Every structure is written in C-alpha cells, then in structure tokens.
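Taking it in order: structure first as structure tokens, then the write-up.
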Amino acid sequence: MKVYFVGAGPGAPDLITLRGAKLLGSVQMVLYAGSLVPTEMLQHCRPDAELIDTAQLDLEQQQACYERAKVQDIDVVRLHSGDPAIYGATAEQMRRLEALGIAYEVVPGVSSFTAAASAVTAELTKPEVSQTVILTRVSGRASAVPELESIARLAEHQATMCIFLSGPHLKKIVTDLRLHYPDTTPVTLVYRATWPDQRVYQGTLATVLEETKRGAWNLTTMMLVGAALDKGQQVESSLYSKDFTHLFRVVKKNKKDNDAAESVEISATGDEV
C-alpha cells in the first residue's frame, strides 16, 4: 500500500503530468482538494475509484482515510493543486503516514506561478534584469509569514516576485512593494490561471490599484511583479549568440580574427601569449 501526493497542476485538466494521470487511473482511492482542484480533473480516475473531497475534512479525518486504505491494502492518490511542494500542506500528512508505517511518494505538478507567467507569455528571468524569482505570500489565518520574509523585506532585492493568494491584500502589498520598486515596475494579476474563467490584468505599481476593482481579484489570484515582465528591448542571453562557444557548440574563428584577438591581448597586458 502506498500514498502518492500528486500535483494536479494549476487547473486545466490536461496540465497534469502523464505520471500523475496514470496514477489517477490506477488507484482505488483518490483524495482531492475540491475547493482548488476542478472536478474535470477526475476524468483521469478509474470508474470504480472512491473519490473523497477533502475540502470539508480536517487532518484527522484525512488520516482515517489513509488508515482505512492500509487495512484494505489499496494505493491512494492525494491530489493537490499546483505542485505539492509549494503551500501544499503535505508535510503534516507525511509525518502522520510515517508514524503509521505507510510509504509515500511525491509526483510534481505545474505550479500556478508558471501558469500565470504563461498566461501573459512572460519570462521571469532575464539577463542583467533579474536572475532570481521569489515565491511568497502574505500572512493569512491558516499560517503566518515570518517577519524576515515580509513583502517589504523581500522587495529590497527588486527581483521578480510571485505573490500567491494576493487578491485580498492588494493595497498592502502594493504599498510595501513601492518602498523599493519604482512605480513604473510592471505588475500582472492572473485570476485562476488556466481555468475557463481565467482573468488577467497588466499594468504597473502606479496603476494597479486605480485600474482594478476592489474585491474583483480575491481568492486564487497570482501577482507577478518585476522589471523582467517588461517586454521592451533588454539585454539578450549569450547562450544562443553566434559568437558564444559552449560544450555543445564550438564557434570556429578564422585566422584573421585570432590574430586580431592576440594583438589586443598583447597590447593590453604587455605580455606575450
């Protein structure tokens, strides 16, 4: 008997991994977060599978399902939205499974932050602009964010930031971001990325509060912010440059270019090569 923590992806039924879909089609019990995972995702399950919506179950009630599956000696899929490693509340389940002597495995999924980036065809990392992506959220009733990880503190880096569940806290988030990011910094809001009712807003830190309606972006809204979202002309990576040599592509220079390069090096250093 084994429990598989499967990432369902951001919402679209065809964005689950092949491995995740295969597991859904093989197990006899599926626990899924009905408030976050669309019922269309369950089309991958076998017809006789027991489907349990965990939206109204506490942790002890979920543990009871695992215990019953152990007695029946059947495998279980615990279906989480996005990727189980990010705000998945999986660690406490794993601790209980270990105490019960139940084996488990994690199957990664597409996260909502990458789905949000794809919704606006954005690259979150660009040369000399931002090479760091910060995944964070603001404090909520279920779990608090450590003070050292507050939006205001993280904003000091001016890196690309992906703020989960940001909708209800937009005013406070924007205020904290403007402590360090310029007002012209691009901002994207994506509500329910990849779902049929997906909505997108694109603006700047200076315009986002004026141009969005209070309450319209509550619940499952991802906020992307940072200079990397600017689609204007920026520095290009050297990776595909015709003059860039790496392990898999060697750029051949003619003798004239090599002689010129050597002359520059000698004149610059005063030493022969």
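Evaluation of Tyr66 against the conditions (1) within 23 Å of Ile102 (Cβ to Cβ); (2) surrounded by fewer than 17 Cβ atoms within 10 Å (Cβ to Cβ) shows that the sole unmet condition is (2). If you check Ile16, Ile74, Ile52 for being in contact with a helix residue (DSSP H, G or I) (Cβ under 7 Å, 6 or more places away or on another chain), at negative phi, β-branched (Val, Ile, Thr) and surrounded by fewer than 22 Cβ atoms within 10 Å (Cβ to Cβ), only one passes: Ile52.
Any idea how many residues of the stretch 207-233 are in a loop (DSSP other than H, G, I, E, B), at pLDDT 90 or above and open to solvent by less than 40 Å² (accessible area, probe 1.4 Å)? Counting residues in the stretch 207-233 that are in a loop (DSSP other than H, G, I, E, B), at pLDDT 90 or above and open to solvent by less than 40 Å² (accessible area, probe 1.4 Å) gives 3. Of Gln43, Gln61, all but one fail to be farther than 21 Å from Thr194 by Cβ, without any contact (Cβ under 8 Å) to a residue 60 or more places away in the chain and either in contact with a Phe, Trp or Tyr (Cβ under 6 Å, 6 or more places away or on another chain) or of a type in the set (S, T, N, Q) (or both); the exception is Gln61.
Report the residue count in the stretch 103-122 for those that are in contact with a Lys or Arg (Cβ under 6 Å, 6 or more places away or on another chain) and either on the phi > 0 side of the Ramachandran plot or surrounded by fewer than 19 Cβ atoms within 10 Å (Cβ to Cβ) (or both). Please lay out each step first, then the result.
Going through the stretch 103-122, the residues in contact with a Lys or Arg (Cβ under 6 Å, 6 or more places away or on another chain) turn out to be 103, 107.
Those left that are additionally either on the phi > 0 side of the Ramachandran plot or surrounded by fewer than 19 Cβ atoms within 10 Å (Cβ to Cβ) (or both): 103.
Qualifying residue count for the region: 1.
Take the conditions in contact with a Gly (Cβ under 9 Å, 6 or more places away or on another chain), open to solvent by 20 Å² or more (accessible area, probe 1.4 Å), touching a residue at least 60 places away in the same chain (Cβ under 8 Å) and among the hydrophobic types (A, V, I, L, M, F, W, C) and apply them to Val129. Does it pass? Give the steps one after another, and end with the answer.
Values: in contact with a Gly (Cβ under 9 Å, 6 or more places away or on another chain): yes; open to solvent by 20 Å² or more (accessible area, probe 1.4 Å): yes; touching a residue at least 60 places away in the same chain (Cβ under 8 Å): yes; among the hydrophobic types (A, V, I, L, M, F, W, C): yes.
In short, yes.
Could you list, in sequence order, all residues of the stretch 15-41 that are assigned to a helix (DSSP H, G or I) and at pLDDT below 95? Within the stretch 15-41, Thr39, Glu40, Met41 qualify. For the stretch 77-102, filtered to residues that are over 21 Å from Gly11 (Cα atoms) and hydrophobic (A, V, I, L, M, F, W, C), the residue that is most open to solvent (accessible area, probe 1.4 Å) is Ala99. All of Gln28, Gln56 fail the test of being free of Cβ contacts under 8 Å to residues at least 40 places away in the same chain and farther than 30 Å from Thr188 by Cβ, apart from Gln56. Remark: pairs (first residue in the stretch 79-107, more than 25 Å from Ala193 (Cβ to Cβ) and aromatic (Phe, Trp, Tyr); second residue open to solvent by 20 Å² or more (accessible area, probe 1.4 Å) and in a helix (DSSP H, G or I); Cβ separation under 7 Å; 6+ apart in sequence or on different chains) = Tyr104/Met94.
Matching residues to (1) closer than 12 Å to Gly167 by Cα; (2) in contact with a strand residue (DSSP E or B) (Cβ under 6 Å, 6 or more places away or on another chain); (3) in contact (Cβ under 8 Å) with a residue 60 or more places away in the chain:
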{"residue": "Asp197", "(1), (2), (3)": "no, no, no"}
{"residue": "Glu210", "(1), (2), (3)": "no, no, no"}
{"residue": "Lys213", "(1), (2), (3)": "yes, no, no"}
{"residue": "Thr220", "(1), (2), (3)": "yes, no, yes"}
{"residue": "Leu229", "(1), (2), (3)": "no, yes, yes"}
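Just for helices (runs of 4 or more DSSP H) wholly inside the stretch 66-171: which have at least 3 residues that are within 12 Å of the chain's Cα centre (by Cα)? Answer list for the stretch 66-171: 112-119.
The values are calculated or read from the model by the stated rules, or taken from the named source; none is laboratory data. Owing to the predicted nature of the structure, the values given are computational and were not obtained by experimental measurement. Virtual Cβ from ideal backbone geometry, glycine too; neighbours counted across all protein chains shown. Remember, those area values only see protein heavy atoms, side chains included, never the ligands or the DNA or RNA. Shrake-Rupley method; radii C 1.70, N 1.55, O 1.52, S 1.80 Å.
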